[in-house]
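Values in this text are rule-based calculations from the coordinates and carry no lab data. All values reported here derive from a predicted model rather than from experimental measurement. Cβ sites come from the backbone with ideal geometry, for glycine too, and all protein chains shown count toward neighbours.
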Amino acid sequence: MILAELEVYHSRPVAPTRRVALGTSMLPVDPPPGFGGILLGGVVANYIGAIDPDFIEDLTKLTTQVEHGLRVSQPRLRYRFQKDTVGLQRSRNRLLGEGDELRFSFDDASADPAQQILGAVYAVGELPLRVRSAVMGTLRRGIGWQGPIGAELIAALAGFDRGSNRSAHALSHPVEWALEVLAFDAADLGAATRSNGAPRNGDGPSASGPGPSPTEIQRRYRRLLIEAHPDHGGDQDDAAQRIADLTEARRILLG
């Protein structure tokens, strides 16, 4: 299943003019960064190692300009951004879901790495202003990524601690997942996710209403952590993953 898709039009590598344009993309970003943001960050992470290191500073400046809707001088990274796609080749990069497994599918056939990265950055400028900062933050994580392009990257782009490998549900609705892991009921879940499912920095879910307080979250975390330990009856084989899930859920809810 296609969860997100980025369509980039670009000039041929041997063409005398260097051009980049956007096609029709599917980039869901609610709650941000969403599958769309994960895909855009993945595109950047996949191609960043192939561009001239001297371009990184200009690329970083470009992300700030696009994020805030500022005027962008052209060309950038030696390519000019345009609206017209006539005469340009097309590349499609995708985030795919198979059950609870997510994976990237990159179109490496014809585009220069800088063209793919520029396409991802300019795509953020097409998103609603309210989500641009969160999504662009995901792209910046892609710029700094050093590691394999796979499940660990996907989890990191979604905001999970490095080393995590999460389900599609956890990546798309992290607060809902965290509440479920800590066994809060449906009423708590609704109160905590009514603002697009986004975590609240510092104050936890209770910042938006009658959701669980930080004290309640800590108390629930400690109780479940004890229960998960093999010395207290927890399953020996599943203990490490259960403890990791509980710890990550607490981090998401408390900020």
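At-a-glance table
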item: Computed FRET value (nearest 0.05) for Ile243 with Arg80, which takes r as the C-beta separation and R₀ as 51 Å; result: 0.50
item: Karplus (6.51, -1.76, 1.60) ³J(HN,Hα), θ = phi - 60°, over segment 139-154, in Hz, Gly and Pro reported as x; result: 5, 5, 5, x, 4, x, 5, 9, x, x, 8, x, 4, 5, 4, 4
item: Overall Cα dimensions of the chain, principal axis frame, Å, largest first; result: 69, 37, 33
item: Length-normalised contact order of the chain in % [C-alpha pairs under 8 Å, at least 6 apart]; result: 20 percent
item: Distance (nanometres) between label positions extended 7 Å along Cα→Cβ at Leu96 and Val72; result: 2.8 nm
item: Residue-averaged 222 nm ellipticity for the chain, from DSSP H runs of 4+ at -39500 (n - 2.57), nearest 500; result: -13500 deg cm²/dmol
item: Highest-first arrangement of 1-11, 142-152, 34-44, where packing means the average Cβ count within 10 Å; result: 34-44, 1-11, 142-152
item: Chain lengthening between Ala15 and Ser167 when straightened (0.36 nm per residue, less Cα-Cα); result: 50.5 nm
item: Angle between the chain longest axis and helix 214-228 axis [Cα atoms, degrees, rounded to 10]; result: 80 degrees
item: Segment 118-158: C-alpha gyration tensor shape, a/c 1.5 cut-off, then a/b vs b/c; result: prolate
item: Label-point separation, Ile2 to Glu227 (7 Å along Cα→Cβ), nm; result: 4.3 nm
item: Around Ser110: net Lys/Arg minus Asp/Glu count, Cβ-Cβ under 15 Å; result: +1
item: Rounded, prolate or oblate (a/c below 1.5 giving rounded, otherwise prolate when a/b exceeds b/c) for segment 1-113 by Cα gyration tensor; result: prolate
